[in-house]
1. Would you mention how many residues in the range A:307-343 are within 13 Å of RNA strand B (Cβ to nearest atom), part of a strand (DSSP E or B), charged (D, E, K, R) and open to solvent by 10 Å² or more (accessible area, probe 1.4 Å)?
2. Can you spot a residue in the range A:399-407 that is in contact (Cβ under 8 Å) with a residue 60 or more places away in the chain and touching a Lys or Arg at 6+ places or on another chain (Cβ under 9 Å)?
3. Among the residues that make up the range A:204-216, is at least one of them surrounded by 18 or more Cβ atoms within 10 Å (Cβ to Cβ) and more than 27 Å from the chain's Cα centre (by Cα)?
4. Can you name every residue in the range A:24-71 that is among the hydrophobic types (A, V, I, L, M, F, W, C) and in contact with a Gly (Cβ under 9 Å, 6 or more places away or on another chain)?
5. Of all residues in the range A:552-593 being within 17 Å of A:P499 (Cα to Cα) and exposed (fewer than 15 other Cβ atoms within 10 Å of the Cβ), which is nearest to RNA strand B (Cβ to nearest atom)?
6. Do you know which residues across the range A:157-175 are in a loop (DSSP other than H, G, I, E, B) and either near RNA strand B (Cβ under 8 Å from one of its atoms) or open to solvent by less than 50 Å² (accessible area, probe 1.4 Å) (or both)?
7. Within the range A:233-286, track down each residue that is of a type in the set (A, V, I, L, M), in contact with a strand residue (DSSP E or B) (Cβ under 9 Å, 6 or more places away or on another chain) and part of a loop (DSSP other than H, G, I, E, B).
8. Name the residues in the range A:418-436 that are surrounded by fewer than 19 Cβ atoms within 10 Å (Cβ to Cβ) and either at negative phi or assigned to a strand (DSSP E or B) (or both), would you?
Amino acid sequence: MCNVNISQESEGYLNFMEQQVKGEKDIDLEILRHSASHIMAQAVKELYPEAKLGIGPAIADGFYYDFAREAPFTPEDLAKIEEKMRSIIKADLPFLKSVVSRKDALDIFTELEEPYKLELLREIEDKEVTIYQQGSFTDLCRGPHLKSTGEARVFKLLNVAGAYWRGDERNVMLQRIYGTAFPEKEDLEKHLKNLEEAKKRDHRKLGRELGLFSIEEDVGLGLVLWHPRGAMVRKVIEDFWRDEHLKRGYELVYTPHIARSDLWRRSGHLDYFQEMMYPPMKTGAEDYLLKPMNCPFHIKIYKHKVRSYRELPIRYAELGTVYRYERSGVLHGLLRVRGFTQDDSHVFCTPEQLGDEIIGIIDLTQYMLKTFGYEEFETALSVRDPARKGDFLGDDEGWERAEASLSAALEKKNISYARMEGEATFYGPKIDIKLIDALGRGWQGPTIQLDFNLPSRLDVTYTAGDGKRREVVMIHRTVLGTMERFIGGLVEHYAGSFPTWLAPVQVRILTLSEKHEDYAREVLAQLEKKEIRAEIDSASETISYKVARAEREKIPYMLVVGDKEAKGSTVSVRERRSSHQGASKVEEFIARVEEEIKRKGLGERAPFPPVNREEEVKKGGDR
RNA sequence: GCUGGCGUAGCUCAGUGGUAGAGCAGGGGUUUUGUAAACCUCAGGUCGCCCGUUCAAAUCGGGCCGCCAGCUCCA
């Protein structure tokens with residue numbers, strides 16, 4: 001290993017203390033994790049001197065470091081690296097900071113044979129750079145770091161994955177090792193438990209177990225088959241969605257799945273979106289394309305006749321199924337698919353109406369998302385990059401006015417948001433809302449996008465009060481995103497235990513023996529009369545078995561019926577995830593459940609971490 | 001698309017060159033059950049696909065397909 005001689009001063013700890021005094025807890029974690037990444041890099045360089053360093057920052061849940069090396073890192077390598085890290089931590093090496101001239105730094109990393117560090121250095125314009133060293137390890141780094149390696153005791157390496165150098169797919173792919181570090185052991189254990197819990201909630205696993213959906217290889221990648229249970233959940237959501245839209249002045253439309261390629265040429269999709277579209281269908285005279293978006297159709301409906309300002313705003317809504325040819329590596333259960341149904345809407349209005357329309361949309365999204373049990377949101381306002389105006393369509397005035405309307409609406413609704421420069425679409429600024437789920441994870445939800453492109457491109461106008469034709473203001477918006485992604489997210493949010501109003505099967509009647517089937521059918525008939533989704537389990541099994549089965553299927557209510565119940569016209573009610581039970585008159589039970597469904601009650605959210613009955617039972621069995 | 005890992009019954013997983021296994025789920029039977037898994041029995045597999053090495057391949061090699069983690073991209 002190459003040793004480099006430079007004058008040193010220990011400053012890492014000072015930085016750490018300063019941050020602590022400021023009470024910036026996150027920064028503490030960041031320093032800890034960033035330091036852990038350096039310890040990992042040291043371990044890797046000691047074990048595999050041929051590995052070249054990429055970058056190694058702290059990230060939201062831990063840290064990573066990228067390495068260039070011929071041979072792949074195996075899980076066994078990770079164990080070895082962890083072991084080496086432990087010895088580095090035990091040695092309690094100080095993190096030493098040096099300030100050197102850029103030129104000296106170039107010499108140092110030339111001597112160390114670190115091409116990627118040299119590439120970074122060459123792009124730094126400052127005269128001086130900082131270098132951190134601990135033991136045999138030297139890194140170009142802004143810092144700050146811990147005082148010494150001994151302070152990063154609690155860590156774990158998690159996995160290896162490929163990552164393009166500097167995030168650009170035209171560059172070489174490096175090997176990224178992910179890990180995490182915490183101040184205390186309990187924090188790490190909690191984090192690992194969280195990861196496990198997330199795995200248990202995985203909508204792909206629950207989707208199969210609960211009979212919600214499947215994706216079959218011979219049907220096609222990213223194409224979802226909705227099984228009866230999943231289709232029922234979707235139906236309930238779609239009914240709710242339609243009702244809420246009709247209440248708020250939207251009009252429903254239906255549009256075809258394909259259209260002539262000329263339409264997509266005129267809309268600009270063939271210029272800007274072609275690589276995401278399935279190849280054309282040849283039908284002789286003219287090609288047809290599968291739709292990747294619904295907007296051109298809604299515009300055609302709008303343009304079917306001349307529109308007056310008196311008609312505006314016009315709000316068209318459609319659960320429109322679109323197809324996009326996503327790259328195979330990004331497909332992921334319901335969250336990333338190739339055929340999906342957007343809860344799409346296009347609002348056509350005058351510039352004066354824009355503010356109120358945005359507020360109306362925000363109200364609608366908040367109401368719907370809260371009904372589904374999401375309480376927390378993160379909002380971003382994406383605007384164009386002022387340095388790259390050429391990459392965005394439209395003039396300065398239009399962009400400024402649009403941004404002003406969007407931000408005014410957010411402020412009027414008292415919603416705090418992050419302003420994201422350069423994140424706008426090429427055709428206009430947008431508001432994105434992220435839902436935060438029961439595990440604190442973010443899910444892309446509603447998006448409200450202004451469009452400066454299509455109205456002018458497709459000549460979408462209205463006749464103003466002065467009799468002149470004016471270009472319409474067009475908003476694309478979605479509340480849930482897509483049915484696929486939204487339901488995938490809901491499954492994980494609820495860990496498969498849907499609140500009663502959404503549950504595909506709301507009630508299951510469990511017979512104690514064959515004798516009770518007739519009574520069970522009577523109860524079922526009463527439930528069905530009230531449109532409660534119910535079924536009977538009359539299998540020749542013990543009641544315990546049937547309870548276990550219903551619990552596994554996460555059915556909200558189990559009604560046990562036997563002699564006692566039949567005689568008294570009652571049912572023995574067991575709620576999902578609780579051993580609580582009690583006899584109830586059938587009518588009383590129905591009234592209660594009806595009320596719960598009507599108000600879309602959330603019930604108790606799946607506790608976190610949820611009670612794991614299987615483990616408890618096993619433990620109990622040991623005695 | 002790229003990097004790495006993985007692919008055995010519907011599901012979860014054993015099986016390291018010599019006749020494919022278990023549990024659960026499924027079918028049949030027995031039991032008629034009081035709140036998280038009764039008992040017996042039967043059936044179920046081109047070991048992802050193709051090519052190769054070998055007397056012999058689930059097992060070794062190559063290619064392809066798919067899945068998983070991540071990167072890039074995204075609703």
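1. Selection size over the range A:307-343: 1.
2. First, pick out the residues of the range A:399-407 that are in contact (Cβ under 8 Å) with a residue 60 or more places away in the chain: none.
No, the range A:399-407 has no match at all.
3. No, that holds for no residue.
4. The first filter runs over the range A:24-71 and keeps only residues among the hydrophobic types (A, V, I, L, M, F, W, C), leaving A:27, A:29, A:31-32, A:36, A:39-41, A:43-44, A:47, A:51, A:53, A:55, A:58-60, A:63, A:67-68, A:71.
A:I31, A:A36, A:M40, A:A41, A:F63, A:F67, A:A68 - these are the residues of the range A:24-71 that are among the hydrophobic types (A, V, I, L, M, F, W, C) and in contact with a Gly (Cβ under 9 Å, 6 or more places away or on another chain).
5. A:R552
6. Going through the range A:157-175, the residues in a loop (DSSP other than H, G, I, E, B) turn out to be A:168-172.
Across the range A:157-175, the qualifying residues are A:D168, A:E169.
7. Correct list: A:V253, A:M277.
8. Restricting attention to the range A:418-436, the residues satisfying the condition of being surrounded by fewer than 19 Cβ atoms within 10 Å (Cβ to Cβ) are A:418-423, A:426, A:434, A:436.
Scanning the range A:418-436 gives A:A418, A:R419, A:M420, A:E421, A:E423, A:F426, A:K434, A:I436.
The values are calculated or read from the model by the stated rules, or taken from the named source; none is laboratory data. Quantities reported herein were computed from a predicted structural model and do not represent experimental measurements. Cβ coordinates were reconstructed from backbone atoms using ideal geometry, including for glycine residues, and neighbour counts include every protein chain displayed. Note: areas computed on protein heavy atoms with side chains; ligands, DNA, RNA excluded. Shrake-Rupley method; radii C 1.70, N 1.55, O 1.52, S 1.80 Å.
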